[in-house]
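Trainee: Got a structure here, written out as structure tokens. Questions coming.
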């Protein structure tokens, strides 16, 4: 027989039903809150340099600027 760690009391299924008590065994008890997986935290918290797009797309931007400057309606 499992040792009861705590009990959860929930309202009845329908309005007016008696409360339901759910016994939770100690083996199934966890720490309250959201479990933290450090591998996932590291994966989703990674940051790329803010200038990476600027550096990787520099040639494309230079090419587009030369085309823009050649057209009179696009000049400022």
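Trainee: Looking only at helices (runs of 4 or more DSSP H) that fall completely inside the chain, which ones have 3 or more residues that are modelled with pLDDT of 80 or more and loosely packed, with under 10 Cβ neighbours inside 10 Å?
Mentor: Ranges flagged: 38-44, 58-70.
Trainee: Next question. Suppose we filter the range 1-51 for residues that are touching a strand residue (DSSP E or B) at 6+ places or on another chain (Cβ under 9 Å) and at positive phi; how many remain?
Mentor: Number satisfying all stated conditions: 0.
The values are calculated or read from the model by the stated rules, or taken from the named source; none is laboratory data. Here the structure is a predicted model, which is why all the values come from computation and not from measurement. A quick note on method: Cβ atoms are made from the backbone with ideal geometry, for glycine too, and the neighbour counts reach across all protein chains shown.
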